[in-house]
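Take a look at the structure below.
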Amino acid sequence: MIAFLLAQTIAITGGTVYPVSGPKIDNATVLIRDGRIAAVGTNVAIPTGATRIDATGKWVTPGLIDGAGNMGLREISAVQNTNEGTLRGNEVAAAFNVTEGLNPASTLIPVTRVEGVTTTLAVPGGDLIWGQAVLIDLDGTTIEAMVAKSPVGVVADLSENAKGAGGGSRAGVAQRLRRIFNDALEYERRRTDYSRAQMQDLSASAADLDALLPVLHGRLPLMVVANRRSDIETALRIAREFKLRLILAGAAEGWEIADKIVAAGVPVLVQPMDNIPGYDALGIRYENAALLAKAGVKVSLMETQTENSRNLRQQAGNAVAYGMTWDQALRAVTLTPAEAFGVADRYGSLEVGKVANVVVWTGDPFEFSTGVEHVIIRGKEISLRSRQTELLERYRTLPPKY
Amino acid sequence: MDRPQYPSTYKRHPNPPVVIRNATIMTATGQEIQGGSILFRDGRIVSVGTTVDAPADAVVVDGTGKWVTPGVIDTHSHIGVYPAPGTWAESDGNEATNPVTAEVWAEHSVWPQDPQIPLAIAGGVTTIQALPGSANLIGGRSAILKLVPARSVQEMKFPGAHYGLKMACGENPKRVYQNRGPSTRMGNMAGYRAAFIQAEQYRRRWDKWNKDHSGDAPTRDLKLESLAEVLRGNIFVQNHCYRADEMMQMLDLAHEFGFKIRSFHHAVEAYKIADVLAREGTAVSVWADWWGFKEEAMDGIYENAALVQQAGGIPVIHSDDASGIQRLNQEAAKAMYHGRRAGIQVTRDQALRWFTANPAWVLGLDSIVGTLEPGKMADIVVWSADPLSVYARAMQVYNDGWLVYDRNDPAHQPKMDFTIGREP
């Protein structure tokens, strides 16, 4: 077992390599050693003893990063006992970090990674402030072995779903959020008074206010779910007032104010295949991702349904069908989310020194005709088996083999 | 019952003859014609092939670089009964007041101004089965609709189509009615059986009276009328059922009362009993890859449709979703390629039939729509690329010969009333 866990030296040879950080390289080698990318190029010396993967005629990309969902936190959404992502009874759950709810044995993890998604955000759910999202690699027998970054950000909701936490009004939501932020700063200034109970009541627990301080000092992003144009503008306004680092999630009507989002330098997470209008976003449309990207917004793509995280590449393909360039779309599922989540020094591209999350595809990763041939996570080749492939084998010929 | 019973008022929209030239034509009858042409007039396909003579008044569409397929058909939609914007006010899909509501008809809920309709049209969809939801054991009659802009559902009703009867297994009915029953799967079964026992008696009474007209006609009962029509084979059973073992129970139920289940829907475990389903002649309407959102959906696999195909069954890719209905071609492609990668032979034509000819059969319309053959209704989609590619978009959609959608022409991009005055 120990030997198995030791990182391998792997040379992926002969493939068309898409480093994302630079132009594609034909007939190139990706060398992986000790869990990291050791070399990328056409003139790479392959150490003796390296495991060789012949990728001739194949495409080699970084593992895809899905910036959404409850991976590891949810086994079956309709079975409450298998859900760990929501801290019930606390509308301001800033201190709620989901890490210890992660289940490395989740069946969703192999199902997802065999389709080329190697890294996902694990996002809490909730009311107004949901908690802290963490980034995980889709391999590891322990929580510690999976977590790539914790926390990535504190998640807050400014969509219509949060209105209950604002007395039924968007204005109430915004005002409550400001009051919480001001209280956190007040709490920071007067910790001693607080501990002596010499302060007025604060709008959240000390732990939750404390957890907001990295956000209020610009060290940790505030990830805001907002879809309506005016909600996005509210998020930008509050971020300006408190000098926050903002990440927008959803942003269905973002295309209508792409210029403002660009000016604010705010990265955006978009689900391209959403276009069903609701009162939260009547302007929702397929072209959102493309129009934002064209305007210069840093767009990452996401698949919000946890069990469908593997459809991230279909999201990307559809983003291309509706106007994104292919290069933008590949970046939007690799390096751009890595940048948004503050891990671009380790993730998102095939560059020397980065964590070796690599996928070998039979062709264009976004096409249905393309299959996954090899998945490497943290430098280790992953078995392409999942509960679903095992069900297939059991029932491939009937009657089944019990 | 001589008076008209909620008749269809559908009328074909006048349209000049159209010939699409030099396209790749996928007929869903086994042919993929390179450099092909298709001529249709008065709502009917006239000819398909490499040499097609067109009349002088025909509109010529350059199909160079384009693909042409039959219109997409979805056997499982809630468009109209669960419209956008998704508020309570228009949510009319589940009459969740009684476990057996065979008396309700989905067409009486369909809102023809649902803004999801033009979105589905832009995905190439020409015919849908709008179903009641799955809260009930027996949820009511479905509506088979031409997906065209209209003022009323009557103007959308596919003329002559068989009604479907929505039935549902498993978790949904036993959850919705847990306080009054059914609260278990055995309770579910007892509920269907009790309903059909009543229906048998009702049918006998009416069949006798229709024959001899002696005395007063029996009292009409809308619920039993729907079920009696199932027993007579005039209404097709459309059965939401995920698990293999439950499908087997439902087949027993059908045998007990002598009706056919036309299609199981959702059927994520169809692959476990693909041999039985093929033998029974029951189609399976499935997603390419939905799984895991509830316990009875845990065993979904990508290869489901391909394995059903391999066993000689009738796979259909359905949506059950206003988003998914816009890309049934993509979902079929996903299921086909995953099947192939697992070593299961699936042809492109078979995969095309999963969202055209096979759903037409499920709705009993396979002699009218679902393939590109002379005499068939001119329900036709022109795609920007191979429809089994993620990059393909429907460029033109003809429904009964009427150009209902043209991606390059705003004059042919229908908008529902809901959207008017709300666009940014």
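Quick rundown of the values:
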read-out: Residue B:350 being polar (S, T, N, Q) and within 13 Å of chain A (Cβ to nearest Cβ); value: no
read-out: Residue B:365 vs. criteria closer than 23 Å to residue B:71 by Cβ, more than 13 Å from every other protein chain (Cβ to nearest Cβ) and surrounded by 24 or more Cβ atoms within 10 Å (Cβ to Cβ); value: no
read-out: Close pairs (6 angstrom Cβ cut-off, 6 or more residues apart or separate chains): under 20 Å from residue B:145 (Cβ atoms) in segment B:11-27, part of a strand (DSSP E or B) and not charged (D, E, K, R) anywhere; value: B:13/B:402; B:15/B:402
read-out: Elements of type helices (runs of 4 or more DSSP H) contained in segment B:259-361, each with 3 or more residues being under 15 Å from the mean Cα position of the chain (by Cα) and surrounded by 22 or more Cβ atoms within 10 Å (Cβ to Cβ); value: B:328-341
read-out: Residue match in segment A:63-79 (condition: among the hydroxyl-bearing types (Ser, Thr, Tyr) and out of contact with any Lys or Arg (no Cβ under 8 Å at 6 or more places or on another chain)); value: no
read-out: Qualifying residue in segment B:391-409 (condition: of a type in the set (Lys, Arg), within 17 Å of residue B:24 (Cα to Cα), in a loop (DSSP other than H, G, I, E, B) and facing chain A (nearest Cβ under 10 Å)); value: yes
read-out: Residue in segment A:292-306 that is surrounded by the most Cβ atoms within 10 Å (Cβ to Cβ), counting only those that are of a type in the set (D, E, K, R) and touching a helix residue (DSSP H, G or I) at 6+ places or on another chain (Cβ under 6 Å); value: A:303
read-out: So residue A:40, is it under 23 Å from the mean Cα position of the chain (by Cα), on the phi < 0 side of the Ramachandran plot, assigned to a strand (DSSP E or B) and away from chain B (no Cβ under 14 Å); value: no
read-out: Segment B:92-115 - residue that is aliphatic (A, V, I, L, M) and within 25 Å of residue B:159 (Cα to Cα) and, of those, surrounded by the fewest Cβ atoms within 10 Å (Cβ to Cβ); value: B:104
read-out: Check on residue A:126, touching a strand residue (DSSP E or B) at 6+ places or on another chain (Cβ under 7 Å) and on the phi > 0 side of the Ramachandran plot; value: yes
read-out: Residue within segment A:163-185 that is closer than 27 Å to residue A:66 by Cβ and surrounded by fewer than 21 Cβ atoms within 10 Å (Cβ to Cβ) present; value: yes
read-out: Set B:171, B:155: member being among the acidic types (Asp, Glu) and out of contact with any Asp or Glu (no Cβ under 8 Å at 6 or more places or on another chain); value: B:155
read-out: Some residue of segment B:180-201 being surrounded by fewer than 21 Cβ atoms within 10 Å (Cβ to Cβ), touching a Phe, Trp or Tyr at 6+ places or on another chain (Cβ under 8 Å) and of a type in the set (S, T, N, Q); value: yes
read-out: Any helices (runs of 4 or more DSSP H) falling wholly within segment B:109-227 and containing at least 2 residues that are free of Cβ contacts under 8 Å to residues at least 60 places away in the same chain; value: B:171-176, B:185-212
read-out: The lone exception for residue A:88 - which of (1) of a type in the set (Lys, Arg); (2) out of contact with any Gly (no Cβ under 7 Å at 6 or more places or on another chain); (3) closer than 17 Å to residue A:372 by Cα it fails; value: (3)
read-out: Segment B:410-424, subset within 13 Å of chain A (Cβ to nearest Cβ) and outside any helix (DSSP H, G or I), residue modelled with the lowest pLDDT; value: B:424
read-out: Subset tally (residues that are without any contact (Cβ under 8 Å) to a residue 24 or more places away in the chain and over 13 Å from residue B:304 (Cβ atoms)) for segment B:277-293; value: 3
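One line per residue, one yes/no per condition, for (1) within 14 Å of another protein chain (Cβ to nearest Cβ); (2) surrounded by fewer than 24 Cβ atoms within 10 Å (Cβ to Cβ); (3) not aromatic (Phe, Trp, Tyr):
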residue: A:64; (1), (2), (3): no, no, yes
residue: A:72; (1), (2), (3): yes, no, yes
residue: A:80; (1), (2), (3): yes, yes, yes
residue: A:83; (1), (2), (3): yes, yes, yes
residue: A:87; (1), (2), (3): no, yes, yes
residue: A:90; (1), (2), (3): no, yes, yes
residue: A:98; (1), (2), (3): no, no, yes
residue: A:101; (1), (2), (3): no, yes, yes
residue: A:107; (1), (2), (3): yes, yes, yes
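The values are calculated or read from the model by the stated rules, or taken from the named source; none is laboratory data. Bear in mind the structure is a predicted one, so any value in this text is a computation, not a measurement. Methodologically, a virtual Cβ is constructed for each residue, glycine included, from the backbone with ideal geometry; neighbour enumeration extends over all protein chains shown.
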